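Asker: Once you've had a glance at the structure underneath, I'll fire off some questions.
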Amino acid sequence: MTDILLSYNEVSSTARKAASGAGLPHGVAEEIGQAAVWLSARGLDAVGIAVRALSGSGPRTILAGLPAIDTLCSGEGPDEAALEGADCSLLLLALAGVASDNVGLSLAVKREDGSLLPLDAACREPATNRLCLVRRGQGDTAEATLSSRPAATSEAAYAAALALAAKTYVPASDLSRAMGAGAGTTDND
């Protein structure tokens, strides 16, 4: 299997376009692009994780999990949020990581035995069907070890992401060109 080295910008835009192609709203797709960078900086194949999370019922699971993450990060409501969906758990974890970083809040994953695991460490744990996030407080964050280069992505994951992104493209036709797509009726740049 061949791996591809992308820049952080390419990781973000590839995941964002794939999320749009999977039918998610553009704002959510932007957040998924940021979450992909969060994962890639921690040494994980973010494009592969995003593609797996965007298949099947993944988009519904993501849309159901985002309000819980936002409520947790707002400081309002409960100090815990349970998120469902093993296929999306890493992406949901990354979405929570980005949201908590944006507001300077520390979140952790609550294990079955009640112990807390920081998000950075939790992204290396096996995926579970139920992800329980816990608010730990302002500034209660441990420094994560981040990579200066994004993690490699597999060629298959990259191709799958591009296939999802292609669902947003307007097909080339005489009508689309007449309406202003592409170079119109002339191509003399």
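Asker: Once amide H atoms are built 1.01 Å from N in the peptide plane, which residues 5 or more positions from LEU6, or in another chain, come under 5 Å H to H?
Answerer: Here the answer is THR153, since their amide H atoms fall under 5 Å of that of LEU6.
Asker: Ok, one more. Using the Cα centre of the chain as the reference point, and only Cβ charges (+1 on K/R, -1 on D/E), how large is the resulting charge dipole? Debye, rounded to the nearest 20.
Answerer: Details: 14 positive and 22 negative charges, 45 e Å.
Magnitude of the dipole: close to 220 debye.
Asker: Next up: State which stretch of the chain is the longest one without any exposed GluC sites (Glu not before Pro), exposure meaning a DSSP loop state and at most 16 other Cβ atoms within 10 Å. Intermediate results must be reported in sequence, preceding the final value.
Answerer: Values: sites that count: GLU76, GLU112, GLU143.
The longest uninterrupted stretch comes out as 1-75.
Asker: With angles folded into 0 to 90 degrees, how steeply does helix 89-103 sit against the dominant principal axis of the chain? Use alpha carbons for both and round to 10.
Answerer: The angle comes out at about 80 degrees.
Asker: Once R0 is set to 25 Å, what does the formula 1/(1 + (r/R0)^6) return for the Cβ-Cβ distance between GLU84 and SER154, expressed as a FRET efficiency to the nearest 0.05?
Answerer: Details: r = 27 Å, r/R0 = 1.06.
For R0 = 25 Å, the calculated efficiency reads 0.40.
Asker: Another question about this same structure. I'd like the Karplus ³J(HN,Hα) series for segment 155-162: coefficients 6.51, -1.76, 1.60, θ = phi - 60°, whole numbers in Hz, and an x wherever there's a Gly or Pro.
Answerer: Computed from phi, the couplings for segment 155-162 are 4, 5, 5, 5, 5, 5, 5, 5 Hz.
Asker: A follow-up question, please. Return the distance in nm (one decimal) between the two label points of a simple spin-label model at ASN102 and SER115, each offset 7 Å from Cα along Cα→Cβ.
Answerer: Those two pseudo-labels are separated by 3.2 nm.
Asker: Further question: Scan [x] 16.2, 47; [y] 24.8, 99; [z] 18.4, 67 for the value of Rg and Dmax of the Cα atoms in Å calculated from this model and give just the label.
Answerer: [z]
Asker: As I understand it, the dipole of the chain uses +1 on the Cβ of Lys and Arg and -1 on the Cβ of Asp and Glu, about the Cα centre. Which of SER115, ALA178, LEU83 lies farthest toward its positive end?
Answerer: ALA178
Asker: Using 0.36 nm times the number of residues separating ASN129 and ALA181, minus their current alpha carbon distance, what extension gain do you get? The partial results should precede the final answer.
Answerer: On the way: separation 52, 0.36 × 52 = 18.72 nm, distance 4.40 nm.
Result for the pair: 14.3 nm of gain on full extension.
Asker: Counting only residues 5 or more places away or on other chains, whose amide H sits under 5 Å from the amide H of ARG136 once H atoms are built in the peptide plane?
Answerer: Amide H neighbours of ARG136: SER106, LEU107, ALA108.
Asker: For the chain, with a Gaussian network of springs between Cα atoms less than 10 Å apart, report the residue from SER12, SER40, SER173 with the top mean-square fluctuation.
Answerer: Of SER12, SER40, SER173, the most mobile in the Gaussian network model is SER173.
Just so you know, all these numbers are worked out from the coordinates, no wet-lab data involved. Here the structure is a predicted model, which means the values were calculated and not measured. No Cβ is skipped: glycine too gets one built from the backbone with ideal geometry, and neighbour counts run over all protein chains shown.
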